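Peer 1: Handing you a structure now.
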Amino acid sequence: MSVRTYGVTDPISTANPTPKENSLNDALIGELRSRGSFESEQATKKRVEVLTQFQKMVQEFVFTVSKKKNMSDGMAKDAGGKVFTFGSYRLGVYGPGSDLDTLVVVPQHVSREDFFTVFAEIIRKRPELEEIVPVPDAFVPIIKIEYDGVPLDLIFACLNVPRIPLDMTLDDKNLLRNLDERDLRSLNGTRVTDEILQLVPKPTVFKHALRCIKMWAQQKAVYGNVFGFPGGVAWAMLVARICQLYPNAVSAVIVEKFFNIYTKWNWPQPVLLKPIEDGPLQVRVWNPRLYANDRLHRMPVITPAYPSMCATHNITSSTQKVILSELEKGAEVVRQINLGKKSWSDLFDRHDFFHHYKFYLCVVAATVASDEEHLKWTGLIESKLRHLVLKLEVTEGVELAHPYVKDFSDSYVLGDANPSDVIGAYGTLSGQPFLDTLAKSDDSNKGEKQIHLTKLFVGLNLQQLKSVDGVKKLNIQYPCSEFYNICKGSGFYDEAINHINIKNVKLVDLPDDVYVEGEVRPTKNSKKRKKEVSLDKQKRPKSTISTPPVSVNGSG
Ligand code: ATP
Ligand code: MG
């Protein structure tokens, strides 16, 4: 039995599991297994082998650079170098599709430039290498590779020390002194995951409970930091706090308490895993008493490693409502599971986002250039989508603006077609016949001019609208044009190749392909498809605007 107190308060209960709880727990793990949450032992062994090889390559890398700096063989060898992991692999909640998030730590005389040249060269020589994409200019500079069937994200940090021995740990905050911003950002992921694991009483209980919560959050589409929902680290900390409060409970009990506690949580009271620490750097630590911005966080979940930050600063009023509503539903399902009236699989029922709302906005991003150019443009637009949500939330008539957490993409050969016609047709039922006349991009037409398209969805709940001249009107001109300005004002926008457009679609207009793999196709409404409501005022066919009579303006 645990005696240590974990976290900022005493535990709520130190009770050991009952036979009933143990059997619920077995059922939960069985359900996770049958849904493919765990990968095979063999695949995990492969990851370990790959990591061992990378550890050797990192030492070779540091040795090579050290020798170039005229160090003796002995000193160059002692300079060391070490790989750390973070992300789902480090947290022990990775599945068959997970990447291996890896941090390469080197001593002071090895530079980031060396990482992108000398180290990249060492990797390129390996026969196991399948693909390598260095992204040196990213916010967190990264080398993305596919190695022996394993996708790896490699990031880099250089510490102010002459040697990085194999037993090096990153918990000492004094290691952060005088580091480059990018090194600090790169170190953060590993430092946070390492601390979370140290702050939970039983790591295995935590990992299984987190697998359950991650699967639930993904099924309910409430997973994803960029879109205004908690991401992997935030959900991990939320689960970790419950583990601290019930140190001897099994995962099934942690899951039950998770829903019960977070539906009653007194937000914006922060979720903390330990007291917030001060430290040696001139950087901001989360502090709502000091910083007005921090007071705006609606559901703060604070990272434990110095410098503590809020992992959920992206949550908006709408996404908070969606999260709370899903937590409420989860609490009810778990109650029914406890009564024997439902099973764990009911907790993982898929969301109904695409038939929940009467109105949806469809943001279309397009690029007439390479795939990479389009990725940059859509990355920017996705990262700004929550600004559109924030602007919609304060628009008269909008009760809730619910962003969907995934995008949908297609590429066509442009040929003689006009990009604006393609963009206009994309994402609408009436435009589909036109799109069908274009060839989809594939290996055979790579040399031809392509148009890449991506759509994102925001579901809208509208209040009773005031009637103006007999028409009930919602004007979203302002939020849309503000959003266009934000996107076009960014350094990423290239007028010659990038496009953005927002259209509104109704429930019944949602095109077939928004239903992704694994998603249950709706049965209701599927026969009642109607024409989309055009955004263009002149062309808007009034008769198709059914109840409530709402017109949406906002073309750009
Ligand atoms: P998966 O099993 O799908 O790989 P994951 O939790 O490992 O899940 P990743 O997308 O691989 O998620 O990200 C790993 C870690 O990298 C995150 O936990 C986070 O710490 C960091 N990270 C990823 N993307 C960003 C981002 N855009 N900004 C800041 N940190 C990020
Ligand atoms: Mg990962």
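The values are calculated or read from the model by the stated rules, or taken from the named source; none is laboratory data. Everything numeric here is computed off the predicted structure, so don't read it as measured data. Every residue, glycine among them, receives a Cβ derived from its backbone with ideal geometry; neighbour counts consider all protein chains shown. Surface accessibility is based on the protein's heavy atoms, side chains included, excluding ligands, DNA and RNA. Shrake-Rupley method; radii C 1.70, N 1.55, O 1.52, S 1.80 Å.
Peer 1: Which numbered condition trips up Ser40, out of (1) away from ligand 1 (no atom under 16 Å from the Cβ); (2) open to solvent by 60 Å² or more (accessible area, probe 1.4 Å); (3) at pLDDT 95 or above?
Peer 2: With (1) away from ligand 1 (no atom under 16 Å from the Cβ); (2) open to solvent by 60 Å² or more (accessible area, probe 1.4 Å); (3) at pLDDT 95 or above applied to Ser40, the lone miss is (1).
Peer 1: Please go through segment 121-159 and give me each residue that is more than 16 Å from ligand 1 (Cβ to nearest atom), closer than 21 Å to Gln108 by Cβ and touching a Leu at 6+ places or on another chain (Cβ under 7 Å), ordered by number.
Peer 2: Leu159
Peer 1: If Leu24 satisfies all but one of (1) more than 16 Å from ligand 2 (Cβ to nearest atom); (2) within 26 Å of Glu128 (Cα to Cα), what's the number of the condition it fails?
Peer 2: (2)
Peer 1: List the residue pairs whose Cβ atoms are under 6 Å apart, where the first residue sits in segment 45-60 and is touching a residue at least 24 places away in the same chain (Cβ under 8 Å) and in the same structural domain as Pro127 (by TED's automatic domain parsing), the second is open to solvent by less than 70 Å² (accessible area, probe 1.4 Å) and part of a helix (DSSP H, G or I), and the two are 6 or more positions apart or on different chains.
Peer 2: What qualifies is Met57/Ile122; Glu60/Ile122.
Peer 1: So Leu179 clears everything in (1) under 23 Å from Val333 (Cα atoms); (2) of a type in the set (A, V, I, L, M); (3) more than 14 Å from ligand 1 (Cβ to nearest atom) except one condition, right? Which one?
Peer 2: Just one mismatch for Leu179, condition (1).
Peer 1: Going by the structure shown, is Trp265 of a type outside the set (S, T, N, Q), in contact with a Lys or Arg (Cβ under 7 Å, 6 or more places away or on another chain), under 30 Å from Glu21 (Cβ atoms) and at pLDDT 95 or above?
Peer 2: So Trp265 fails the test.
Peer 1: Let me ask something else about it. List pairs: first residue in segment 120-132 and in a strand (DSSP E or B), second residue aromatic (Phe, Trp, Tyr) and open to solvent by less than 90 Å² (accessible area, probe 1.4 Å) anywhere in the structure, Cβ distance under 6 angstrom, at least six positions apart or on different chains.
Peer 2: Leu129/Tyr147
Peer 1: All but one of (1) within 16 Å of ligand 1 (Cβ to nearest atom); (2) assigned to a loop (DSSP other than H, G, I, E, B); (3) touching a Pro at 6+ places or on another chain (Cβ under 9 Å) hold for Gln108, so report the exception by its number.
Peer 2: Condition not satisfied by Gln108: (1).
Peer 1: Based on what the data block shows, is Arg33 under 24 Å from the mean Cα position of the chain (by Cα) and more than 16 Å from ligand 1 (Cβ to nearest atom)?
Peer 2: Judged against the criteria, Arg33 is a match.
Peer 1: Looking only at segment 89-100, filter to residues that are open to solvent by less than 20 Å² (accessible area, probe 1.4 Å) and of a type outside the set (Val, Ile, Thr); which one of those is farthest from ligand 2 (Cβ to nearest atom)?
Peer 2: Gly92
Peer 1: Got a number for residues in segment 254-273 being hydrophobic (A, V, I, L, M, F, W, C) and open to solvent by less than 10 Å² (accessible area, probe 1.4 Å)?
Peer 2: 6
Peer 1: Report whether or not Ala252 is out of contact with any Ser or Thr (no Cβ under 6 Å at 6 or more places or on another chain), touching a residue at least 12 places away in the same chain (Cβ under 8 Å), over 30 Å from Lys82 (Cα atoms) and in a helix (DSSP H, G or I).
Peer 2: Yes; evaluated as a whole, the condition is true for this residue.
Peer 1: Also, I was wondering about something else. Taking Ser481, is it over 22 Å from Phe408 (Cβ atoms), in the same structural domain as Arg386 (by TED's automatic domain parsing), small (Gly, Ala, Ser) and modelled with pLDDT under 85?
Peer 2: No, not satisfied.
Peer 1: Still on this model: Condition check: away from ligand 1 (no atom under 16 Å from the Cβ), under 21 Å from Ser186 (Cα atoms), of a type in the set (Val, Ile, Thr) and open to solvent by 10 Å² or more (accessible area, probe 1.4 Å). Does Thr117 satisfy that?
Peer 2: Taking the combined requirement at face value, the residue satisfies it.
Peer 1: Also: Can you tell me which residues in segment 275-320 are surrounded by 19 or more Cβ atoms within 10 Å (Cβ to Cβ) and touching a Gly at 6+ places or on another chain (Cβ under 8 Å)?
Peer 2: Listed by number, the residues that qualify are Tyr306, Pro307, Ala311, Asn314, Ile315, Thr316, Ser318, Thr319.
Peer 1: Considering each residue of segment 162-190, count those that are away from ligand 2 (no atom under 16 Å from the Cβ), closer than 26 Å to Arg4 by Cα and either within 17 Å of the chain's Cα centre (by Cα) or not assigned by TED's automatic domain parsing to the domain that holds Lys67 (or both), and give that number.
Peer 2: 0
Peer 1: Suppose we filter Gln59, Gln53 for residues that are within 22 Å of Asp167 (Cα to Cα), polar (S, T, N, Q), open to solvent by 60 Å² or more (accessible area, probe 1.4 Å) and out of contact with any strand residue (DSSP E or B) (no Cβ under 6 Å at 6 or more places or on another chain); which single one remains?
Peer 2: Every option except Gln59 fails the conditions.
Peer 1: Still on this model: Determine whether segment 208-221 contains at least one residue that is more than 10 Å from ligand 1 (Cβ to nearest atom), within 14 Å of the chain's Cα centre (by Cα) and of a type outside the set (A, V, I, L, M).
Peer 2: yes
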